[in-house]
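See structure below.
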Amino acid sequence: EAHKQRLNPHFKLDLNSKDKIRITPLGGLGEIGGNFMVMETNTSAIIIDLGMSFPSEDMHGVDILIPDFSYLREIRHKIKGLIITHGHEDHIGAVPYLFKEMQFPIYGTSLPLAMIENKFKEHKLLQYKSYFRSVKKRHPIQIGDFKVEWIHMTHSIVDSSSLAIQTPVGTIIHTGDFKIDHTPIDNQTTDLQRYAYYGSQGVLCLFSDST
């Protein structure tokens, strides 16, 4: 029984829950760039990252590609916020293009928000800086039906995060992009302890960086 408790936390999941969650990847799978995902319940939705991608060599005259926002227009009334994992272009590059059409709170740590602010300056959108919501890692925040915690992750850019998203049906771990580095240049190692904490609680689903 002790080994079952220690090694297999899946029995802690409520697999008979009547709640539902829909997860829709709208970019970033099967391609490099354009990372963009929507997670929703019947009453609220969050967007995870909103990146651009780069044209192939046969797309003459095209500088960047941005995702199709059609689905966001359909569920606009449910969207409670945009969640940012880190500051690479393929995760934040399309944010100003969305904000020209619709606006939501943007949740992220300091560096990604500063990089988005620079983009807003370039696009003359600084009036929307009021939508920025700076977060601290290890401090969960309730956003609609979701409780989101940013977990420190090492990557090729500093101030990167994974996400622990507590939903009505269970916890989802979204790694973001990662390179688990035990000797990073800034000495801020991956927060494996937080991963272990959520692992011991029981995780419904793991979404891993697909690059």
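The values are calculated or read from the model by the stated rules, or taken from the named source; none is laboratory data. The model shown is predicted, which means the values in this text are computed figures rather than measured ones. Every residue, glycine as well, gets a Cβ built from its backbone with ideal geometry; the counts of neighbours run over all protein chains shown. Just the protein is used for accessible areas: all its heavy atoms, side chains included, with ligands, DNA and RNA removed. Shrake-Rupley method; radii C 1.70, N 1.55, O 1.52, S 1.80 Å.
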Given the conditions (1) at pLDDT 95 or above; (2) out of contact with any Phe, Trp or Tyr (no Cβ under 9 Å at 6 or more places or on another chain); (3) not charged (D, E, K, R), every one holds for Ile46 apart from (2)
Determine whether Ile106 is touching a Phe, Trp or Tyr at 6+ places or on another chain (Cβ under 8 Å), closer than 15 Å to Gly144 by Cβ and modelled with pLDDT of 95 or more. yes
So, of the residues in region 82-128 that are hydrophobic (A, V, I, L, M, F, W, C) and more than 19 Å from Val38 (Cα to Cα), which turns out to be most open to solvent (accessible area, probe 1.4 Å)? Leu126
Scan region 75-98 and tell me whether some residue there is in contact (Cβ under 8 Å) with a residue 12 or more places away in the chain, part of a loop (DSSP other than H, G, I, E, B) and within 15 Å of Arg133 (Cβ to Cβ). yes
Quick check on region 70-81: of everything there that is in contact with a strand residue (DSSP E or B) (Cβ under 8 Å, 6 or more places away or on another chain) and among the basic types (Lys, Arg), which residue is most open to solvent (accessible area, probe 1.4 Å)? Lys80
Tally the residues that are farther than 25 Å from Gln142 by Cα, touching a Ser or Thr at 6+ places or on another chain (Cβ under 9 Å) and not in a strand (DSSP E or B), restricting the search to region 63-74. 3
Mind telling me which of the residues Met39, Met59, Met52 ends up being closer than 20 Å to Gly108 by Cβ and either among the acidic types (Asp, Glu) or without any contact (Cβ under 8 Å) to a residue 60 or more places away in the chain (or both)? Met52
Using beta carbons and a limit of 8 Å, which pairs, at least six apart or on different chains, have the first residue in region 1-28 and closer than 29 Å to Leu50 by Cβ and without any contact (Cβ under 8 Å) to a residue 60 or more places away in the chain and the second one open to solvent by less than 80 Å² (accessible area, probe 1.4 Å) and assigned to a helix (DSSP H, G or I)? Thr24/Tyr71; Leu26/Tyr71
May I ask you to list the residues in region 72-102 that are closer than 24 Å to Asp209 by Cα and of a type in the set (A, V, I, L, M, F, W, C)? Leu72, Ile79, Leu82, Ile83, Ile84, Ile92, Ala94, Val95, Leu98
Listed by range, strands (runs of 3 or more DSSP E) wholly within region 129-211 having at least 3 residues that are touching a strand residue (DSSP E or B) at 6+ places or on another chain (Cβ under 8 Å), open to solvent by less than 30 Å² (accessible area, probe 1.4 Å) and modelled with pLDDT of 95 or more are 146-153, 160-167, 170-174
